[in-house]
Structures are given as structure tokens and as C-alpha cells.
Amino acid sequence: MVSKNRELKLENGRTRNSKKIGEMFSRISPRYDFLNRILSFGLDKSWRRKAVRIGMREKCQKVLDVCAGTGEMTIEISKGRGNSIQVYALDLSLEALKIAKEKVRKIGIERDVFVLQAEAEKLPFRDSEFDLITIAFGLRNVKNMENALKEFYRATKPGGCFVCLEFSHPPNPFFKRLYFFYLLKIVPLIAQLFGSEASAYQYLGNTIKNFPNQNELQKIIESANWDNISCQNLTGGIVAIHQGEKPTSNR
């Protein structure tokens, strides 16, 4: 039985309690990668790989991975690029970042990957510093999504790119009902069965259900001044990749 003080409730609108979310991810991080494989039927790696292919450009040298967690997206970005790219992995959860740092060390890319604890809405970087900013399965958990998107825009170089990989809403009504039943009823039970917190995965399922759909998110990204925004559904719309570019000149 999970104690009441560990239960997370969705707050009104898209505001989240950053401290509680960071604490939650710290608690579930030891089993997080394993459960991602199980719960996504192994598809999560291919989703990240696709997002990186969409965002990576020929002259991409400096990348920020926001809500990096245990470093899966960070490592995918670094693969095959040798020392030609620097990746900064940012997250609220110190425990998740420790796991990310150990993974990076084991595969020998610690010289090119920099791990730091910070909030998505308060990036500790100068204006126009990154060629690419990514966020995978984290946008729905930031304290204020609109502020975070504006921060990403500020820290991206003109002509640079933003890529968001996030769970979304399947357009097929029957598949959508089936998916949300699995997400809200089955996933917490599986998480508990494998030694994690059912309440944490119940909370995460609700963040997906209450998250803007593909078209709504595209409009929110556009409101943060991103240009040439596109969206691509994966696995029947369970996941969507949104991409935006920062104009080379001020609007």
C-alpha cells in the first residue's frame, strides 16, 4: 500500500508541483527504464530514435535534452556522433540524473555529456546557445508548459530546432478508449507487480489523458513563437513528435 503523502494529484490547468514531481521520479527511477520497456512493449527506444533523426541536423554541435531523466534520450542523441557533439542533460530528479551519469560513464561518452539539475522553465543557459533542444515524455510534467516552451525558444540559436516526443491521443475513438483503459487500469497494476509505485503510474496516466491533443499542442508551441511546426504520429497516435524551428530573423 502506497502512503498518502506519496500520492500525486493533478492540479488545475497545466500547472504541476515541481518539487513533488522531482521526488516522485527520484523514487521510481531505479525501475523506470525496465518498466518503460515492459509497458511500451519495447517500442520506446524506436520512438526516441525517430525523434532524434527528425531533430538532428548536419551542423548540430550543441544539444540540450530537457527532462532527461535516466538519460535514454541523451544517449540516443550522442550515438554515432563521436566527439562532434556536446549534449547537456537536464532534469529535476537528482536520483534519475545519477543513473544517467553512470550510463554515460559505462559507454564512454562522459567527456561529451554534461548532466545538471535544473527546472525546464528556468534554464541556466545564455540566449541562443543550442542548435537543438529536445524533450522526451517530459513536457506534460513541467510546472508551466507555456513558460518552458518560451525558455526553449530563448536558449535555441536562430535557425535551430525544438523536438518534443510525448504521449498523445490516438485519433481512432475505439483505439483511444482501449489505450486509456490500459494506461489507467492496467499500467499501475503492472508497475506495482514489478516493484514500483502504482500511484505514481496512475498519476502519469492521468497526465497523458489530460494533456493537449496533437492539434492543441501544436497551437501552444506556435504561441511560444516557434515556426514551421509539424507533427508526426507514431504507433496509432499513442505517441506524437512535434517539431518547431526558431526563425533566423526576429518577427
Exclusive hit being polar (S, T, N, Q) and farther than 25 Å from residue 153 by Cβ, set 74, 70, 134: 70
Of the conditions (1) of a type in the set (Ser, Thr, Tyr); (2) in a helix (DSSP H, G or I); (3) surrounded by 20 or more Cβ atoms within 10 Å (Cβ to Cβ), residue 70 fails just one. Which one is it? (2)
Pairs, please: C-beta under 6 Å, at least 6 apart or cross-chain, first residue closer than 15 Å to residue 214 by Cβ and in the range 159-174, second open to solvent by 10 Å² or more (accessible area, probe 1.4 Å) and assigned to a strand (DSSP E or B)? 163/243; 165/136
In the range 230-251, how many are crowded, with 18+ Cβ neighbours inside 10 Å and β-branched (Val, Ile, Thr)? 3
Does any residue of the range 91-106 turn out to be within 20 Å of residue 162 (Cα to Cα), small (Gly, Ala, Ser) and touching a residue at least 12 places away in the same chain (Cβ under 8 Å)? no
List the strands (runs of 3 or more DSSP E) inside the range 78-152, counting only whole elements, that have at least 1 residues being β-branched (Val, Ile, Thr) and under 19 Å from residue 241 (Cα atoms). 130-136
Would you confirm, using the coordinates I've provided, whether residue 59 is under 22 Å from residue 160 (Cβ atoms) and open to solvent by 40 Å² or more (accessible area, probe 1.4 Å)? yes
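Yes or no, residue by residue, for (1) over 22 Å from residue 36 (Cα atoms); (2) touching a Pro at 6+ places or on another chain (Cβ under 7 Å); (3) open to solvent by 10 Å² or more (accessible area, probe 1.4 Å):
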site: 52; (1), (2), (3): no, no, yes
site: 55; (1), (2), (3): yes, no, no
site: 84; (1), (2), (3): yes, no, yes
site: 93; (1), (2), (3): no, no, no
site: 100; (1), (2), (3): no, no, no
Considering only residues that are in contact with a helix residue (DSSP H, G or I) (Cβ under 8 Å, 6 or more places away or on another chain) and under 25 Å from residue 17 (Cα atoms), which ones fall in the range 218-237? 220, 221, 223, 224
Under 8 Å by Cβ, and 6 or more places apart or on different chains, what pairs join a residue from the range 109-133 that is within 21 Å of residue 144 (Cβ to Cβ) with one that is open to solvent by 80 Å² or more (accessible area, probe 1.4 Å) and part of a loop (DSSP other than H, G, I, E, B)? 119/143; 120/143; 121/143
Across the range 107-128, which residue is surrounded by the most Cβ atoms within 10 Å (Cβ to Cβ) among those that are touching a Ser or Thr at 6+ places or on another chain (Cβ under 8 Å) and over 21 Å from residue 165 (Cα atoms)? 109
Within the range 157-222, helices (runs of 4 or more DSSP H) holding 2 or more residues that are more than 20 Å from the chain's Cα centre (by Cα) and among the hydrophobic types (A, V, I, L, M, F, W, C): 173-181, 187-193
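The values are calculated or read from the model by the stated rules, or taken from the named source; none is laboratory data. A quick note: this is a predicted structure, and the numbers were derived from the prediction, not measured. Cβ: placed from backbone, ideal geometry, glycine included. Neighbour counts: every protein chain shown. For accessibility, only protein heavy atoms count, side chains too; no ligands or nucleic acids. Shrake-Rupley method; radii C 1.70, N 1.55, O 1.52, S 1.80 Å.
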